[in-house]
Amino acid sequence: MCGAMKIAVIGKGGREQALIETLAASPVQPQLFSFPGSDAIFQTAQPIPVSNLHDLIGWMKDQKIDLCVAGEESYLVKDEGLSNLCSAAGIPCWGPRKESAQLEASKEFAKQFLMRHGIPTGRAQAVSNIEEARAAIGGQYPTVLKFDGLAAGKGVAVCPDAASAEAFLAEIFEQKRFGEGRLLVEEFLTGPEISIFAAICDERYLILCPARDYKRLKDGDEGPNTGGMGAVASRQLADAATMEVIEKTIVAPTVAGLRKDGLPYRGFLYFGLMLTPHGPKVIEYNCRFGDPECEAVMPLLRGDLASFCLAGAQGDFKPELITFSEGWSVCCILASAGYPASSHSGDVISGLDKAQARIFHCGTRRMGDTWQTAGGRVLAVVATGDTLDDARTTAHHEADKINFDGLQRRRDIAYKNI
Ligand code: AMP
Ligand code: GLY
């Protein structure tokens, strides 16, 4: 490679900004680009002047981009797939191929994969219409209903009773809120949830720092499911014995299963787990880092993420290039009015310059000297500390300094479910 390593990061949210800032801090000092990016991202990375995936590939080829890093999931399964297109163009890509990304894009595909490889997960049945769904539920509540496609974290309903199940079934099959698709009726599991991340390079893997996210909108895990209202990350979230069981029964068999099924994988894989009384079980796979977990995990990363991802994308796994510090990291999300049902743009954000924390922009735009809301999740305010108490006190205290009309925020992030 002559000159600085050139990296293109694909995505536009707080997760991508956190990845970009961590890549930027790599000792190799890469030159960073982003598509579609955001005003906040463009403070660190240069915009890529294209408007679609095919032009993006052409641009990366022309500019001799050394590495493409997939941030969000949508591009992995769009058209021929970001990673597949990169591979055809000779561009190393950190992010899996379209066929492998079905683990996230299709809940039914993921469930079949889990069953085939004997990986612990809830029992489930796939159905195509309301009658089949009612039969599969069989009057057993709570029940869990999952739309079989990408739904930005909103395609899952945990239904305590028949009325809530009927309402969700009407959304799926009558109003077709997420378009055409099947539905998975899944066994209701209980226990604390944990997000486990692995960096996978063919048959090898590295388990990264675990995290916990807060999916419900309101304090006390009340209100609707969201993309995530906050996260806490630390290697101390799970003890060594639990991590060993997770590795042995879930991570290793997943990586082996991908190989067995001929599903190439180089990139981050997110395991959404529930620690049930019968051991950890998979509730979902995501073929990318979590958001907002990424905003919490990245500030704990030490080493050379840029070289790690480049080597991994080229099939050369170098786990020694990154480590995670022992402390804690807490991320509070500030969301706009109406989220998650809708979102509100154009509200002026105040106090950004006063907050002494890392701030990643999930959905904002810059208008002259001010920042405004431009999306559901607006900002991620992140603080690290040697202890959980340090990190969460600082995160909440600094988040208090930021305001905009209609701001929604949970006050119990990193207090509840620890
Ligand atoms: P998912 O999008 O599959 O992660 O589901 C969103 C949320 O729904 C999860 O974080 C859980 O809180 C809940 N959930 C998903 N599957 C189950 C299940 N089988 N039993 C209980 N809760 C679940
Ligand atoms: N935080 C959940 C997700 O990224 O899907």
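The values are calculated or read from the model by the stated rules, or taken from the named source; none is laboratory data. In this text the structure is predicted, and so the values were computed from the model without any measurement. Here Cβ is always computed from backbone atoms with ideal geometry, including for glycine, and neighbour counts include all displayed protein chains.
When 389, 369, 400, 412 are checked against the criterion of being surrounded by fewer than 18 Cβ atoms within 10 Å (Cβ to Cβ), over 16 Å from residue 339 (Cβ atoms), at pLDDT below 95 and among the charged types (D, E, K, R), 369 stands alone in meeting it. The condition of being within 16 Å of ligand 1 (Cβ to nearest atom), of a type outside the set (A, V, I, L, M, F, W, C), modelled with pLDDT under 95 and at negative phi holds for only one of 227, 272, that being 227. Checking 308, 324, 289 one by one, the residue that is within 14 Å of ligand 2 (Cβ to nearest atom), of a type in the set (Phe, Trp, Tyr) and at pLDDT 95 or above is 289 and no other. With respect to the conditions (1) more than 16 Å from ligand 2 (Cβ to nearest atom); (2) over 18 Å from residue 271 (Cβ atoms); (3) part of a loop (DSSP other than H, G, I, E, B), residue 131 falls short on a single one, namely (3). Of the strands (runs of 3 or more DSSP E) contained entirely in region 1-109, those carrying at least 1 residues that are of a type outside the set (A, V, I, L, M, F, W, C) fall at 6-11, 31-36.
Of all residues being of a type in the set (D, E, K, R) and in contact with a strand residue (DSSP E or B) (Cβ under 7 Å, 6 or more places away or on another chain) in region 143-178, which is surrounded by the most Cβ atoms within 10 Å (Cβ to Cβ)? Just the residue, please. By that ranking, first place goes to 146.
Based on this model, can you work out whether residue 335 counts as within 16 Å of ligand 2 (Cβ to nearest atom) and touching a residue at least 12 places away in the same chain (Cβ under 8 Å)? Here the answer is yes, as residue 335 does meet what is asked. Against the test of being without any contact (Cβ under 8 Å) to a residue 60 or more places away in the chain and surrounded by fewer than 21 Cβ atoms within 10 Å (Cβ to Cβ), the options 122, 81, 118, 181 yield a single qualifying residue, 181. Looking at the structure I just gave you, is residue 110 within 13 Å of ligand 1 (Cβ to nearest atom), of a type in the set (Gly, Ala, Ser) and within 26 Å of the chain's Cα centre (by Cα)? Here the answer is yes, as residue 110 does meet what is asked. The listed residues are 102, 140, and the only one of them that is surrounded by 19 or more Cβ atoms within 10 Å (Cβ to Cβ), more than 23 Å from residue 51 (Cβ to Cβ) and polar (S, T, N, Q) turns out to be 102. Going through (1) among the small types (Gly, Ala, Ser); (2) under 20 Å from the mean Cα position of the chain (by Cα); (3) surrounded by fewer than 19 Cβ atoms within 10 Å (Cβ to Cβ) one by one, residue 363 falls short only on (3). Just one of the listed residues (189, 150, 208, 184) is within 30 Å of residue 314 (Cβ to Cβ), within 12 Å of ligand 1 (Cβ to nearest atom) and aliphatic (A, V, I, L, M), and it is 150. Mind listing whichever residues of region 23-57 are closer than 22 Å to residue 375 by Cβ, buried (at least 17 other Cβ atoms within 10 Å of the Cβ) and either free of Cβ contacts under 8 Å to residues at least 24 places away in the same chain or among the hydroxyl-bearing types (Ser, Thr, Tyr) (or both)? Within region 23-57, 34, 38 meet the criteria. Listed by position, the strands (runs of 3 or more DSSP E) enclosed by region 179-242 that each have at least 1 residues that are hydrophobic (A, V, I, L, M, F, W, C) are 183-186, 193-201, 204-207, 211-213, 216-218, 230-234. Each residue in region 377-386 was checked for being surrounded by fewer than 23 Cβ atoms within 10 Å (Cβ to Cβ) and within 16 Å of residue 331 (Cβ to Cβ), and 2 pass.
Quick check, is residue 102 in contact (Cβ under 8 Å) with a residue 12 or more places away in the chain, within 30 Å of residue 68 (Cβ to Cβ) and among the polar types (S, T, N, Q)? For residue 102, the condition - in contact (Cβ under 8 Å) with a residue 12 or more places away in the chain, within 30 Å of residue 68 (Cβ to Cβ) and among the polar types (S, T, N, Q) - is met. Do the conditions hold for residue 97, that is, is it buried (at least 22 other Cβ atoms within 10 Å of the Cβ), at pLDDT 95 or above, farther than 20 Å from residue 4 by Cα and of a type in the set (D, E, K, R)? It is true that residue 97 is buried (at least 22 other Cβ atoms within 10 Å of the Cβ), at pLDDT 95 or above, farther than 20 Å from residue 4 by Cα and of a type in the set (D, E, K, R). Taking the conditions (1) away from ligand 1 (no atom under 16 Å from the Cβ); (2) in contact with a helix residue (DSSP H, G or I) (Cβ under 7 Å, 6 or more places away or on another chain) in turn, residue 287 satisfies each one other than (1).
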